[in-house]
Amino acid sequence: MSIYAFAEMENGKAKRIYASAKYPSRQIGNVFADCDFNVNLKYADELPLKIEGFYALVAFRPSHVLISRDVLGGKPLYFDNTTLTFSSFKHYFEEEPIPVLPGEVVKISYEGEVIDRKKYEFSDVFKPIDADIEELKERIVKSLINFRKNIKNACIAFSGGVDSSFLAGLYDLPLVTVTASKAEKEWVENSAKAIGRELEVYEFGEKEVREALPKVVSAIETTDKLQVSIALPIYLCVRFAKELGFSEVVFGQGADELFGGYKKYEELGGKELEQELINDVINIGEKNLVRDNKVAYSLEMKILTPYLQWEIIRCAISIPVELKVKKDGGVIRKYILREMAKEFIPKEIAYRDKKAIQYSTKTSNILKKILRDIDLDKISGEGDAKGFWA
């Protein structure tokens, strides 16, 4: 459940604070945070500028409670200042909670008054780098390689596409995959063999999806069908990794937004494409990472995203869009990433076109069948995340 805290109120003021942090979050004194970096509260007012990575934080200070998230909003955090309740999930609030916005620093008194709300923007943190393309590529690869030191007990969520295959070529880690597609299973097994990595495969079907569905809906706190269809294979993958003894899973999230991987980019060009890519990076937390991290929190697991290092984001926004979506006798999405990847993995894998996870694994097809006789809005009970803290 990651972070959860609430106050016992008396005469309009907090009398006692109860707080907890479950893996991957941690408690350091009066600070409760999901963050891979040490937090220096000397810079409390400027945390989104000082912390180079994803974080969500609740700090109990002598005069106030400090809460904050990074500018991409990768880690969820909500609050109710009237009851002094804070959580990574909405489940714990009697009323609709207030989300801490990406890049916000909020100060709340122990009487429940919002003292200050300050918000930093993407452009405050990420500025283009003045470097040629070769230097940018070199810095990206170096950052990916250096990320290995942050990995402790992890496997790679492997799909056989360029994003995960590139990481598999860089990190000597076991690979795991989940799928309901025989064709996908065969391709992924052959890809792992070509890269020289061990692969564990979890094959699922309608039964497994039906069993996981209430847990997934409860964890991601939405019944949006697209979000559920994406979250289901992620949940099955993270759960499978946990069963295998891992506490972390490396995912390739961010590569599509940073390097031009989505189909919609083919219809755009120039400034329009550049702005669309930036917008998708800005919104990656709310659209994707919050969902994925809630799934991981529900299983007490940690998701690692090497492509979404601050250094790589700065390098990626500095790369000309024509090197991301190359249109020269045909369209090649993620061209620059594929060119970097082919130095570490076979070219046919680096250049393989890959479907989105909900389609390649056939999760979307299974979910459509299930939803013929199940209303997502009525799913509850078994997967209720409230029970996680019991």
With +1 on the Cβ of every Lys and Arg and -1 on the Cβ of every Asp and Glu, the dipole magnitude of segment 5-114 about its Cα centre, in debye rounded to the nearest 20, is 380
Rounded to the nearest 0.05, FRET efficiency between GLU211 and LYS182 (Cβ-Cβ, R0 30 Å) equals 0.90
Between the Cα axis of helix 133-146 and the main Cα principal axis of the chain, the angle (0 to 90°, nearest 10) is 60
Checking GLU322, GLU286, GLU243 against a Gaussian network model of the chain (alpha-carbon springs below 10 Å), the top fluctuating residue turns out to be GLU243
With every protein chain in place, the accessible area of GLU339 for a 1.4 Å probe, in Å² rounded to the nearest 10, comes to 40
So ILE151 and LEU244, fully extended at 0.36 nm per residue minus their Cα-Cα distance, gain in nm 31.8 nm
Among LYS193/LYS302; LYS15/LYS107; LYS193/LYS294; LYS90/LYS242, the pairs whose Cα-Cα distance exceeds 21 Å are LYS193/LYS302; LYS193/LYS294; LYS90/LYS242
The ³J(HN,Hα) series, computed from each phi in segment 183-198 with the Karplus coefficients 6.51, -1.76 and 1.60 at θ = phi - 60°, rounded to the nearest Hz and given as x for glycine or proline, is 5, 5, 4, 5, 5, 5, 4, 5, 5, 4, 5, 5, 8, x, 10, 6
Listed residues THR179, THR361, THR83; largest mean-square fluctuation, Gaussian network over the chain with Cα springs below 10 Å, found at THR83
Per the rule of 0.36 nm per residue minus the C-alpha distance, extending ARG61 to GLU266 adds in nm 68.8 nm
To the nearest 0.05, the calculated FRET efficiency linking LYS225 and GLU343 through their beta-carbon distance, R0 being 41 Å, is 0.55
Bounding extents of segment 214-257 in its principal axis frame from Cα atoms, largest first in Å, are 30, 29, 12
Net charge (Lys, Arg +1; Asp, Glu -1) of residues whose beta-carbon lies under 13 Å from that of LYS15, LYS15 excluded, is -1
With all protein chains present and a 1.4 Å probe, the order of TRP310, TRP187 from largest accessible area down is TRP187, TRP310
Carbon plus sulfur, as percent of the 1.4 Å-probe accessible area of the chain, comes to 47
Ranking PHE158, ILE379, GLN309 by how far each Cα lies towards the positive end of the charge dipole of the chain (+1 on Lys and Arg Cβ, -1 on Asp and Glu Cβ), the top one is PHE158
Ignoring ligands and nucleic acids, ARG352 exposes an accessible area, probe 1.4 Å, in Å² to the nearest 10, of 60
In units of 2.2 N^0.38 Å, the Cα radius of gyration of segment 30-128 is 1.01
Cβ-Cβ cut-off under 10 Å around ALA33, Lys and Arg +1, Asp and Glu -1: the net charge is 0
In Å, the C-alpha Rg and Dmax of the chain are 21.2, 72
Most fluctuating of VAL114, VAL105, VAL176 in the GNM of the chain (C-alpha, under 10 Å) is VAL114
Quick P(r) readout (segment 63-193; Cα-Cα; 10 Å bins; whole %) gives 10, 23, 22, 25, 16, 3, 0
If one compares the long axis through the Cα atoms of helix 270-282 with the longest principal axis of the Cα atoms of the chain, the angle in degrees, nearest 10, works out at 50
Of the candidates TYR120, VAL228, SER318, the farthest towards the positive dipole end of the chain (Lys/Arg Cβ +1, Asp/Glu Cβ -1, centred on the Cα centre) is VAL228
Computed, not fitted: 222 nm per-residue ellipticity of the chain from DSSP H runs ≥ 4 (each -39500 (n - 2.57)), nearest 500, equal to -10000 deg cm²/dmol
Between the alpha carbon centres of segment 166-188 and segment 219-257 the gap in Å comes to 14
Scoring the chain by relative contact order with C-alpha pairs under 8 Å, at least six apart, yields a percentage of 18
So, with points 7 Å from each Cα along the Cβ direction, the ILE129-GLU286 label distance in nm works out to 2.8
Distance in nm between ARG117 and ASN40 label points, each 7 Å along Cα→Cβ, equals 2.9
The alpha-carbon center of segment 29-80 and that of segment 92-133 are separated, in whole Å, by 9
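The values are calculated or read from the model by the stated rules, or taken from the named source; none is laboratory data. Only a predicted model underlies this, so the values are computations on that prediction, with no experimental measurement involved. All Cβ positions, glycine included, derive from the backbone under ideal geometry; neighbour counts span all protein chains shown. Surface accessibility is based on the protein's heavy atoms, side chains included, excluding ligands, DNA and RNA. Shrake-Rupley method; radii C 1.70, N 1.55, O 1.52, S 1.80 Å.
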